[in-house]
Amino acid sequence: MDRRYPSDADAKRDILEAGRRLYARGLAAANDGNISARVSHGHIWTTPSGVSKGFMTGDMLIKTDIDGNAICGGSGKRPSSELLLHLCVYRRSADVLSVCHAHPPVASAFAAAGIPLDAALLQEAAVLLGAIHVADYAEPGSLALAEGAAAFCPEYNGVLLEHHGAVAWGGDVMGALYTMERIEFSATVAMYSRLMGMERPMTQRQIDALMDLRAAWGVSGGGRPRGRDA
Ligand SMILES: [Zn+2]
């Protein structure tokens, strides 16, 4: 299959920009979060550990193979501690060209509570994001965490990590970032709905029609969000 990967330069530029936006929006505090981009079937660029994602420079980014072996870059810094999580997601789908992990505060509160973001509350979120479930608890940086999260790819667009944060993936860096933003937006709306005492999903018939829109909107995957029967 003919597949177009970004150049090294484009992948690095997009990772730096996505890092600035993650940090500026408060989706990754301190040194938290990590972003990667695939530049061939077996090679990715990823962010370093121990660096704020809002203040990275191109020389800090690290190119690795699909087994996590560093090839170049980094200026002496090590790849993200969650590199394995990214690699496991890439192995699940050749269509995934970017992975983004962050700790968005509202979505992380749902992750801490073990509550999925699976209710169809808003139309565009239902079409574009779909359902976001919670991967079982596992320690950070572990194979169990990586495999548990990757199991939701490619059927879904992302997943919450229990007591940890969120992961999003997509066809390019901005796509993965936008999914992360949508996860936090959906979590915020779900939180307000619950505070109002009225989390009111759409009807099954309404959701049927929205799922039919996916093809026209060029959306594949996301799973079906939860509706109500009435
Ligand atoms: Zn994390």
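Keeping all protein chains in place, calculate the accessible area per residue for the chain (probe 1.4 angstrom), answer in Å².
Heavy-atom SASA per residue in the chain reads 46 Å².
At q = 0.13 Å⁻¹, what is the log10 ratio I(q)/I(0) for the chain, with the Debye formula run over Cα points and no solvent?
After summing over all Cα pairs, the log10 values are -0.71.
As I understand it, the dipole of the stretch 8-216 uses +1 on the Cβ of Lys and Arg and -1 on the Cβ of Asp and Glu, about the Cα centre. Which of 111, 75, 193 lies farthest toward its positive end?
75
Counting Lys +1, Arg +1, Asp -1, Glu -1, what net charge surrounds residue 154 among other residues with beta carbon under 13 Å of its beta carbon?
Details: positive: 91, 92; negative: 95, 155.
The answer is 0.
With just the Cα atoms defining each centre, how far is the stretch 160-203 from the stretch 19-96? Give it in Å.
A separation of 22 Å, based on Cα centres.
For the stretch 108-189, rounded, prolate or oblate, judged on the Cα gyration tensor with a ≥ b ≥ c (square roots of eigenvalues), a/c < 1.5 rounded, else prolate if a/b > b/c?
Working: a/c = 1.89, a/b = 1.32, b/c = 1.44.
It is oblate, given that a/c is not under 1.5 and a/b is not larger than b/c.
Determine the calculated [θ] at 222 nm for the chain from helices alone, applying -39500 (n - 2.57) to every DSSP H run no shorter than 4 residues and normalising by the residue count; nearest 500 deg cm²/dmol. Please report the intermediate quantities before stating the final value.
Numbers: 7 runs with 86 residues, N = 230.
One gets -11500 deg cm²/dmol as the mean residue ellipticity at 222 nm.
Once you put a point 7 Å from the Cα of residue 13 and another 7 Å from the Cα of residue 229, both along the Cβ direction, what distance in nm separates them?
Inter-label distance under the simple model: 5.4 nm.
How high is the relative contact order of the chain, in percent, with contacts defined as C-alpha pairs under 8 Å that are six or more residues apart?
19
Compute the signed sum of charges (Lys and Arg +1, Asp and Glu -1) over the other residues within less than 13 Å, Cβ to Cβ, of residue 61.
My count for the surroundings of residue 61 gives +1.
With r as the distance between the Cβ atoms of residue 144 and residue 66 and R0 = 22 Å, compute the FRET efficiency 1/(1 + (r/R0)^6) and round to 0.05. It would help to have the intermediate numbers written out before the result.
Details: r = 20 Å, r/R0 = 0.89.
It comes to 0.65.
The values are calculated or read from the model by the stated rules, or taken from the named source; none is laboratory data. These numbers were taken from a predicted model, which means no experiment stands behind them. Ideal geometry is used to build each Cβ from the backbone, glycine not excepted, and the neighbour counts take in all protein chains shown. Just so you know, the surface numbers come from the protein's heavy atoms only, side chains and all, with ligands and any DNA or RNA stripped out. Shrake-Rupley method; radii C 1.70, N 1.55, O 1.52, S 1.80 Å.
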